Protein chains: 2
Amino acid sequence: MLRDWQSVRAEVLRRIHARDWKPGEMIPNEADLAAEFGCARSTVNRALRDIAQSGLLDRRRKAGTRVASNPAARATLTIPVMREEIEGTGRKYGYQLLSRSTEIPPVAESAAMQLPPDGTLLHIRALHLADDRPFALENRWIDPGVVPGVADAHFERISANEWLLQNAAYTHGEIAFSATVAGPADAPLLGCAAGAPLFVTERLTWDTTRAVTRVRILFAPGYQMRTGL
Amino acid sequence: MLRDWQSVRAEVLRRIHARDWKPGEMIPNEADLAAEFGCARSTVNRALRDIAQSGLLDRRRKAGTRVASNPAARATLTIPVMREEIEGTGRKYGYQLLSRSTEIPPVAESAAMQLPPDGTLLHIRALHLADDRPFALENRWIDPGVVPGVADAHFERISANEWLLQNAAYTHGEIAFSATVAGPADAPLLGCAAGAPLFVTERLTWDTTRAVTRVRILFAPGYQMRTGL
């Protein structure tokens, strides 16, 4: 007997993953499952709705419930601040501000941040180190109009990465991962040869309708981002 | 008045993101929040527990609840089968089996799959195309002892990616993302120059304690994996 909807969910997931219920197949109706599990029909309903949200089940009002034909795998990425990512692996964190200036950004930046092309932004370049070796190169633009107090932040001892997390409001964001090669200017900073393959994250953070910050992080060669499925 | 725990959660998240409640700060206790929101204390408790699970709040039995000092950003990645990823962007999907053989894998593969180094595995190499252009190169090892029927699957018309999703049971997996450069053998298959930067995913799938399949996918230059935060 399965008492709560979480137990029903676990059993349903087990059957899907074990392919007892195969992709594309109909599953028994809620009344039959409730009888089999010895629980209320509403408990089964709650569990199936939860699984449908994750995309593993297709529920149709009249036609019943099917296992999704090609369920997409879902993975949750946890993206800590750089210092905690490094310290979390037992290494010593280091930080070096390379430059801090107020500039008109390249058009690609202002366009992504939906800002007029002639406005100025705060531009930060910094290096994050793990055990004294280059770990990642941060290239960041911040809209000072959206982040009160940022004009007085020097980012000499605390990274913009960490300062913003403490001080800037945000509602949502977008993140993209890709690969690039180290250019001749970045390679020596990252301690690698020009042309070495680099993992890149690009992140754009919004406060409701206004872009807060856009950052491009180049990770030194060998970096892997890992998670469970 | 906030009636349900989901509404309480939304309001608490809003205050955290707006920095009304700043990272590291104590938040009001449950009784005070319940009075303010006009709901039961158990409703507040349910909402705070949910947020604590995501890492945004630190709850201590005696000391009360604080906003996490450096809350990690969390992003959910949806990883569909290659065909749906390509068709989902309005492009035509193409598939080409490059090779299918039974081999003793490199030691790195058998070690990752926790198999004896002298066992044989099914080895599949295939190309996925978008609008007739190379999209990704798949290099996959499958343990036929764990996947019934795989010995009879030819993978000439349906990719192992899709066939396994339909036919192989699994319980959990691991995925890693990194960058590499195109080697001289892979570059012509991917339609790029040797040395071009490639985004890589490596995925290892388990059925309880047995590895089902390990796959390395090299994406053609320019590929980005994107998600919301």
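A short reminder: the numbers here are calculations on the coordinates, not readings from a lab. Small disclaimer: the values here were computed from a predicted structure and weren't measured. So basically every Cβ, Gly included, is an ideal-geometry build from the backbone, and we count neighbours across all protein chains shown.
Laid out as a table, the results:
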read-out	value
Partner chain coverage, peptide B:168-175 - average Cβ within 10 angstrom	5
Once exposed loop GluC sites (Glu not before Pro) are cut out (DSSP; at most 13 other Cβ, 10 Å), longest piece of chain A	A:26-155
Which of A:112, A:130, A:17, positive extreme of dipole for chain A (C-beta unit charges)	A:17
The range A:98-172: trypsin sites (Lys or Arg not before Pro) falling in loop per DSSP and having at most 14 other Cβ within 10 Å	A:157
At 7 Å out from Cα toward Cβ: residue A:26 inter-copy label distances (nm, ascending)	5.9
Using a Förster distance of 30 Å, the FRET efficiency for residue B:6-residue A:60 (Cβ separation, nearest 0.05)	0.75
Estimated inter-spin distance, residue A:118 and residue A:176, nm [label 7 Å along Cα→Cβ]	2.8 nm
The protein assembly as shown: Cα Rg divided by the 2.2 N^0.38 Å rule of thumb	1.09
Charged-residue dipole, Cβ positions (Lys, Arg, Asp, Glu), chain B about Cα centre, Debye nearest 20	1000 debye
Residue-averaged [θ]222 nm for the protein assembly as shown, counting only DSSP H segments that reach four residues, each worth -39500 (n - 2.57)	-7000 deg cm²/dmol
Reachable aspartates and glutamates, given that their alpha-carbon falls under 17 Å from the alpha-carbon of residue A:22 and they are not under 8 places away in the same chain	A:11, A:58, B:162, B:207
Cut-off under 5 Å, modelled amide H: who pairs with residue B:77 long-range	A:75, A:76, A:77
Cβ neighbours within 10 Å from other chains - mean over A:73-83	6
Label-to-label distance, nm, for residues given as residue A:104 and residue A:20 (7 Å Cα→Cβ offset)	6.7 nm
Alpha-carbon centroids, the range A:206-224 and the range B:43-68: separation in whole Å	28 Å
J(HN,Hα) series, the range A:213-218, from Karplus relation 6.51 cos²θ - 1.76 cosθ + 1.60, nearest Hz, glycine and proline x	7, 10, 9, 10, 10, 9
Inter-copy separations for residue A:119, label at 7 Å along Cα-Cβ, nm, ascending	5.9
Under 5 Å, built H, 5+ apart or other chain: amide partners of residue B:223	B:199
Taking A:26, A:113, A:1 and counting other C-beta atoms within 10 Å, the order from fewest to most	A:1, A:26, A:113
Electrostatic dipole magnitude of the range A:5-67 [Cβ: Lys, Arg +1; Asp, Glu -1; Cα centre; debye, to 20]	240 debye
DSSP-loop trypsin sites (Lys or Arg not before Pro) across the range A:53-84, with at most 11 other Cβ within 10 angstrom	A:61, A:62
Nearest-to-axis residue of chain A, judged by beta-carbon position, where the axis maps A onto B, in Å	A:179, 2
Net lengthening on full extension, residue B:189/residue B:166 (0.36 nm per residue, minus Cα-Cα)	5.6 nm
